Amino acid sequence: IKATSCMTGPYDDVTRPRATEKMDYETELSFVIAERCKNVPEERAYDVIFGYVIVNDFSARAVARLERAEGNQLLNKMFDGFAPTGPWVVTRDEIPDPMALRLTTRVNGETRQDGSTSGMVWSIPKLVAFLSQMTLEPGDVITTGTPGGVAAGRPPDLPSWFLKPGDVVESEIERIGTMRNRI
């Protein structure tokens, strides 16, 4: 669940909060709910989806570590502007198989993530079935997860990939487009 204050445009600048020097990127395929629904079975999941969009689910890893010690996770992914969304919504009928899309993230032109939605831990039908235990509303955006290549997964003996002011992050998913956000 995202607060509207963390959502921003596909080409907007994103401010790294003072609370962390370990700001990370997570390009994710996301989907937009089309209709009010609850308890949707997996076999009907695609019927309640309007379309697909990219979300870069930025994370403040130092804050995440503190939150996880207390058994929760909220603020590290909810800082203002931490969820650039776009560049537009591609309708469900334009992407016949959302579980087979190439996803890449580049930082300052260097490819950091290069994967496929086919490797997601939870499929879109499983996500819809699980999350629709609560009422989903038209316009709700659900993020799905990210492939390897994030800064937090980089071995400590290699140069850090955490984002710095001035870095430009490009989040791309085939058939949807590319977002560019400067930190």
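The values are calculated or read from the model by the stated rules, or taken from the named source; none is laboratory data. Only a predicted model underlies this, so the values are computations on that prediction, with no experimental measurement involved. When we count neighbours, we look across all protein chains shown, and the Cβ atoms used for this are built from the backbone with ideal geometry, even at glycine. Keep in mind that these areas ignore ligands, DNA and RNA; they rest on the heavy atoms of the full protein, side chains included. Shrake-Rupley method; radii C 1.70, N 1.55, O 1.52, S 1.80 Å.
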Check: Is it fair to say residue 53 is within 17 Å of residue 4 (Cα to Cα) and part of a strand (DSSP E or B)?
Finding: yes
Next item on the list: Would you point out which residue out of 172, 70, 110 is without any contact (Cβ under 8 Å) to a residue 40 or more places away in the chain and within 26 Å of residue 11 (Cα to Cα)?
Entry: 110
Check: Any idea which residue in region 35-50 is least open to solvent (accessible area, probe 1.4 Å), counting only those that are within 17 Å of residue 1 (Cα to Cα) and part of a loop (DSSP other than H, G, I, E, B)?
Finding: 38
Check: Could you say which residue among 145, 166, 86 is open to solvent by less than 50 Å² (accessible area, probe 1.4 Å), closer than 25 Å to residue 32 by Cα, modelled with pLDDT of 95 or more and not polar (S, T, N, Q)?
Finding: 86
Margin query: Just the residues that are surrounded by fewer than 17 Cβ atoms within 10 Å (Cβ to Cβ) and farther than 19 Å from residue 49 by Cα, please, taken from region 106-142.
Written below: 108, 109, 110, 111, 114, 116, 119, 121
Next item on the list: Return yes when residue 156 is under 18 Å from residue 59 (Cβ atoms), within 13 Å of the chain's Cα centre (by Cα) and either outside any loop (DSSP other than H, G, I, E, B) or at pLDDT below 95 (or both) and no when it is not.
Entry: no
Note to self: Quick check on my filter: what residues within region 1-19 are part of a loop (DSSP other than H, G, I, E, B), of a type outside the set (A, V, I, L, M, F, W, C) and under 21 Å from residue 145 (Cβ atoms)?
What the structure shows: 2, 10
Next item on the list: Output the residues belonging to region 58-67 that are open to solvent by 10 Å² or more (accessible area, probe 1.4 Å) and in contact (Cβ under 8 Å) with a residue 24 or more places away in the chain.
Entry: 61, 62, 63
Notebook entry, point to check: From the residues in region 115-153 that are in contact with a helix residue (DSSP H, G or I) (Cβ under 7 Å, 6 or more places away or on another chain) and in a helix (DSSP H, G or I), which one is farthest from residue 26 (Cα to Cα)?
Noted result: 129
Notebook entry, point to check: Taking the stated definitions as given, is residue 18 loosely packed, with under 14 Cβ neighbours inside 10 Å and of a type in the set (D, E, K, R)?
Noted result: yes
